[in-house]
Each structure stands twice: as C-alpha cells, then as structure tokens.
1. Want the number for F106 to S126: 0.36 nm per residue separation, take away the alpha-carbon distance, what's left?
2. Of the heavy-atom accessible surface of the chain (probe 1.4 angstrom), what whole percent is carbon and sulfur?
3. Which aspartates and glutamates, on any chain, are close to K74 with Cα under 20 Å apart, when same-chain ones fewer than 8 places away are left out?
4. How large is the accessible surface of D62 in square angstrom, using a 1.4 angstrom probe and rounding to the nearest 10?
5. Could you name the lysines whose alpha carbon sits less than 28 Å from that of K43, not counting residues in the same chain fewer than 8 places away?
6. Which sequence of R72, R54, R67 reflects their accessible areas, 1.4 Å probe, from the largest down?
7. Please give me, ordered by residue number, the chymotrypsin sites (Phe, Trp or Tyr not before Pro) of segment 67-127 that lie in loop per DSSP and have at most 16 other Cβ atoms within 10 Å.
8. Suppose each label sits 7 Å from its Cα in the direction of the beta carbon; what would the K43-L11 distance come out to in nanometres?
Amino acid sequence: QLQLLESGGGLVQPGGSLRLSCSASGFTLDYSAIGWFRQAPGKEREGVSCISQRNDSTLYADSVKGRFAISRDKAKNIVYLQMNNLEPEDTAVYYCAAGPGLGLLFGLCMPDHYTNWGQGTQVTVSS
C-alpha cells in the first residue's frame, strides 16, 4: 500500500517562507499525480498545487501563483511545496495526496480526484 507523510509545517510570520515535504513509501508506481491541498477551519478543502508523476506538468491555485512552487525528487520519492511570501490567509492544515492523474490531464487540481492521503501538517502564518 502507498503511504504518504507530510513534514515541514510550523509557525511563520507574514512574508516568511516554509518548505513542505511529502514522502511516499510503498507502491510508488501505482499513482500518476501528487497534489498539495489545504483546509482552514470552517472552509472546504481546496487544491493548492498538483504535479504529474509522468511528465512533471504542474497546476497552481490562482491564490498562490508566483508565491508557491511544487517540485519532486524522483530518486527519493519526495514532493516539495516551497511557500514564499506567506500570508495569514495561507493558514491551514496542508495535506499531500496521490491519485490516478486524470484530473490533472484535464487541467484540474481537485481533492475529490485523489484517493490516498497523508495526515496533514499545520501551517500557521501570524505576527
């Protein structure tokens, strides 16, 4: 079975940076896409960024374009989310998830398309 583990969350001031890591173990060839998602209290879970495991194509939410960057280390089976110029509105629990990649092929990065989830890591942006 595929297992995902997030790390790198914490407390940061507005304008600061964090890098989240998603480490995959198990049957890593059984998925085609990895996504980063977040959920703030009282809000729906939303897609932040998704990356194809086949060709490294990426998608970003409009709210994070120019500030966040997704990348992967194929040798280590790790997907990163570099977050720069963080804002209080970025405060949420951040999750990584794996899926078949069909949504990404259609230009979508949505949580309903992903089936294997990590437990999440808290990101708090506050002064």
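The values are calculated or read from the model by the stated rules, or taken from the named source; none is laboratory data. What you are looking at is a predicted structure, and each value in this text was computed from that prediction instead of being measured. Here the Cβ is made from the backbone with ideal geometry for all residues, glycine too, and neighbour counts use every protein chain on show. SASA here: full protein model, heavy atoms, side chains in, ligands and nucleic acids out. Shrake-Rupley method; radii C 1.70, N 1.55, O 1.52, S 1.80 Å.
1. Details: separation 20, 0.36 × 20 = 7.20 nm, distance 3.56 nm.
So the extension gain works out to 3.6 nm.
2. Working: 3370 of 6900 Å².
C and S atoms contribute 49 percent here.
3. E6, D30, D56
4. Here the accessible area works out near 120 Å².
5. Cross-link targets: K65.
6. Values: R72 55, R54 175, R67 25 Å².
These residues rank, largest area first, as R54, R72, R67.
7. On the way: sites: F68, Y80, Y94, Y95, F106, Y114, W117; in loops: F106, Y114.
Those satisfying the criteria are F106.
8. Computed distance between label sites K43 and L11 equals 2.1 nm.
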